[in-house]
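K.L.:
After the structure tokens below, expect a handful of questions from me.
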Ligand SMILES: [Zn+2]
Ligand SMILES: [Zn+2]
Ligand SMILES: [Zn+2]
């Protein structure tokens, strides 16, 4: 298994990953007693766990070893060093994230932040991704609610796009593009789905799929894992729960990803250029991409999204749906 870089798109590809021995689904390995290995984290501390973090059983990246950056002619390769973890979001096998209380979702978000902080201490890692697949067609391995964490020796391509765009925007306007988006969406209200405290959920202007929804803070912050003074993560948890409960009425399956600042403690390589203004130009957010059964042309081959639904209509419909627990 190794990482290879496409010299044209500059994206890294994990090559040669094979499933070792897929874990049985029954009994569930994410339930209490299903996995006897020592967890990386359990919350709340000193009480029966409600959220726990385990090393992935069949990791895409290995925690030990050298990064081994090496050329191969004009190409670049490196070892697939990194971390790959599972966040078990509840001890209750039958409850999805959307069915947890605000307090419980807050604990899940706290575990996300704690893993990002911990993994960023390892200066081999340039980026920590937290993502979640749920339901049919999402590549979820178990029905038990869980998220995944990867720490990588490179910054994923989509984050690079965002960093480039937000830095360029900032150089031109001296404003954060994400703050500008939230401001405009709240003025126009056409695509806003819901809000709670300082957090807003909306369908992006150029949504890639029907009902795509982003959640972000109204107040500027580039690092999810370091809340602004006075920030209330319970409000974010409440809003996330409400958004997921709405989305699950149109599609129980979705991908969710947290986009936060890369590891700015890594002071080498091409990323350094971004650190100059990243605290002002980047802004963390959560992206949720529902997986609708049919009707969407494949992105994979054409690299262009075809979304048959107007985001304004998607937001209006989502607003009309029941959001309470
Ligand atoms: Zn389970
Ligand atoms: Zn901002
Ligand atoms: Zn993003």
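The values are calculated or read from the model by the stated rules, or taken from the named source; none is laboratory data. Computed from a predicted model, the values in this text were never measured in an experiment. As a convention, Cβ positions derive from the backbone with ideal geometry for all residues, glycine included, and neighbour counts pool all protein chains shown.
K.L.:
Would you mind listing the strands (runs of 3 or more DSSP E) fully within region 1-50 where at least 3 residues are over 15 Å from residue 90 (Cα atoms) and touching a residue at least 40 places away in the same chain (Cβ under 8 Å)? I'd like the intermediate steps shown before the answer.
P.N.:
Values: elements: 2-5, 12-15, 41-43.
Per the criteria, 2-5.
K.L.:
Considering only residues that are under 26 Å from residue 236 (Cβ atoms), under 17 Å from the mean Cα position of the chain (by Cα) and not in a strand (DSSP E or B), which ones fall in region 57-95? I'd like the intermediate steps shown before the answer.
P.N.:
First, the residues of region 57-95 that are under 26 Å from residue 236 (Cβ atoms): 83-95.
Now restrict to residues that are under 17 Å from the mean Cα position of the chain (by Cα): 83-89.
Result: 89, single match.
K.L.:
Ok, one more. May I ask you to verify whether residue 146 is within 16 Å of ligand 1 (Cβ to nearest atom) and closer than 30 Å to residue 94 by Cβ? Working first, answer last.
P.N.:
Working: within 16 Å of ligand 1 (Cβ to nearest atom): yes; closer than 30 Å to residue 94 by Cβ: yes.
Considered against the rule, which asks whether it is within 16 Å of ligand 1 (Cβ to nearest atom) and closer than 30 Å to residue 94 by Cβ, residue 146 comes out as yes.
K.L.:
(1) free of Cβ contacts under 8 Å to residues at least 24 places away in the same chain; (2) part of a helix (DSSP H, G or I); (3) in contact with a strand residue (DSSP E or B) (Cβ under 8 Å, 6 or more places away or on another chain): which one isn't true of residue 139, the others all being true?
P.N.:
(2)
K.L.:
Could you run through region 178-212 and say how many residues are within 16 Å of residue 314 (Cβ to Cβ) and either touching a strand residue (DSSP E or B) at 6+ places or on another chain (Cβ under 9 Å) or assigned to a loop (DSSP other than H, G, I, E, B) (or both)? If you could, list the steps in order and put the result at the bottom.
P.N.:
Taking region 178-212 and keeping what is within 16 Å of residue 314 (Cβ to Cβ), we get 185, 188-194, 200-212.
Imposing the further condition that a residue be either touching a strand residue (DSSP E or B) at 6+ places or on another chain (Cβ under 9 Å) or assigned to a loop (DSSP other than H, G, I, E, B) (or both) reduces the set to 185, 189-194, 200-212.
Summing the residues that are within 16 Å of residue 314 (Cβ to Cβ) and either touching a strand residue (DSSP E or B) at 6+ places or on another chain (Cβ under 9 Å) or assigned to a loop (DSSP other than H, G, I, E, B) (or both) in region 178-212 gives 20.
K.L.:
For region 34-45, indicate whether the set of residues that are surrounded by fewer than 16 Cβ atoms within 10 Å (Cβ to Cβ), over 23 Å from residue 116 (Cα atoms) and either within 16 Å of ligand 3 (Cβ to nearest atom) or over 20 Å from the mean Cα position of the chain (by Cα) (or both) is non-empty.
P.N.:
Among the residues of region 34-45, at least one is surrounded by fewer than 16 Cβ atoms within 10 Å (Cβ to Cβ), over 23 Å from residue 116 (Cα atoms) and either within 16 Å of ligand 3 (Cβ to nearest atom) or over 20 Å from the mean Cα position of the chain (by Cα) (or both), which makes the answer yes.
K.L.:
Right, here's the next one. Kindly indicate whether any position in region 259-280 is within 25 Å of residue 135 (Cβ to Cβ) and free of Cβ contacts under 8 Å to residues at least 60 places away in the same chain. Write out each step before concluding.
P.N.:
Of the residues in region 259-280, the ones within 25 Å of residue 135 (Cβ to Cβ) are 259-260.
With the extra rule that they be free of Cβ contacts under 8 Å to residues at least 60 places away in the same chain, the set shrinks to none.
Within region 259-280 (the criterion being within 25 Å of residue 135 (Cβ to Cβ) and free of Cβ contacts under 8 Å to residues at least 60 places away in the same chain), the answer is no, since none of the residues qualifies.
K.L.:
Restrict the check to region 66-85 and report whether at least one residue is within 16 Å of ligand 1 (Cβ to nearest atom), surrounded by fewer than 17 Cβ atoms within 10 Å (Cβ to Cβ) and either under 28 Å from residue 255 (Cα atoms) or without any contact (Cβ under 8 Å) to a residue 12 or more places away in the chain (or both). Spell out the reasoning first.
P.N.:
To start, the set of residues in region 66-85 that are within 16 Å of ligand 1 (Cβ to nearest atom) comprises none.
No, because not a single residue in region 66-85 is within 16 Å of ligand 1 (Cβ to nearest atom), surrounded by fewer than 17 Cβ atoms within 10 Å (Cβ to Cβ) and either under 28 Å from residue 255 (Cα atoms) or without any contact (Cβ under 8 Å) to a residue 12 or more places away in the chain (or both).
K.L.:
So, residue 243, is that one under 16 Å from residue 194 (Cα atoms) and away from ligand 1 (no atom under 16 Å from the Cβ) or not? Full working, then the answer.
P.N.:
Details: under 16 Å from residue 194 (Cα atoms): yes; away from ligand 1 (no atom under 16 Å from the Cβ): yes.
In short, yes.
K.L.:
Sticking with this structure for a sec: Quick one: which residue in 129, 90, 168 is under 24 Å from residue 223 (Cα atoms) and in contact with a strand residue (DSSP E or B) (Cβ under 9 Å, 6 or more places away or on another chain)?
P.N.:
Among 129, 90, 168, only 129 is under 24 Å from residue 223 (Cα atoms) and in contact with a strand residue (DSSP E or B) (Cβ under 9 Å, 6 or more places away or on another chain).
K.L.:
Of everything in region 259-291, what is within 16 Å of ligand 3 (Cβ to nearest atom) and closer than 18 Å to residue 121 by Cβ? Give them in sequence order.
P.N.:
Passing the criteria: 260, 261, 262.
K.L.:
Could you count how many residues in region 271-325 are at pLDDT 95 or above, exposed (fewer than 12 other Cβ atoms within 10 Å of the Cβ) and not in a loop (DSSP other than H, G, I, E, B)?
P.N.:
1
K.L.:
Check region 199-208 and report whether any residue there is under 20 Å from residue 307 (Cα atoms) and exposed (fewer than 14 other Cβ atoms within 10 Å of the Cβ).
P.N.:
yes
K.L.:
Out of region 96-125, which residues are outside any helix (DSSP H, G or I) and buried (at least 23 other Cβ atoms within 10 Å of the Cβ)? Spell out the reasoning first.
P.N.:
Applying the first criterion (outside any helix (DSSP H, G or I)) to region 96-125 yields 96, 100-101, 121-125.
100, 125, listed by residue number.
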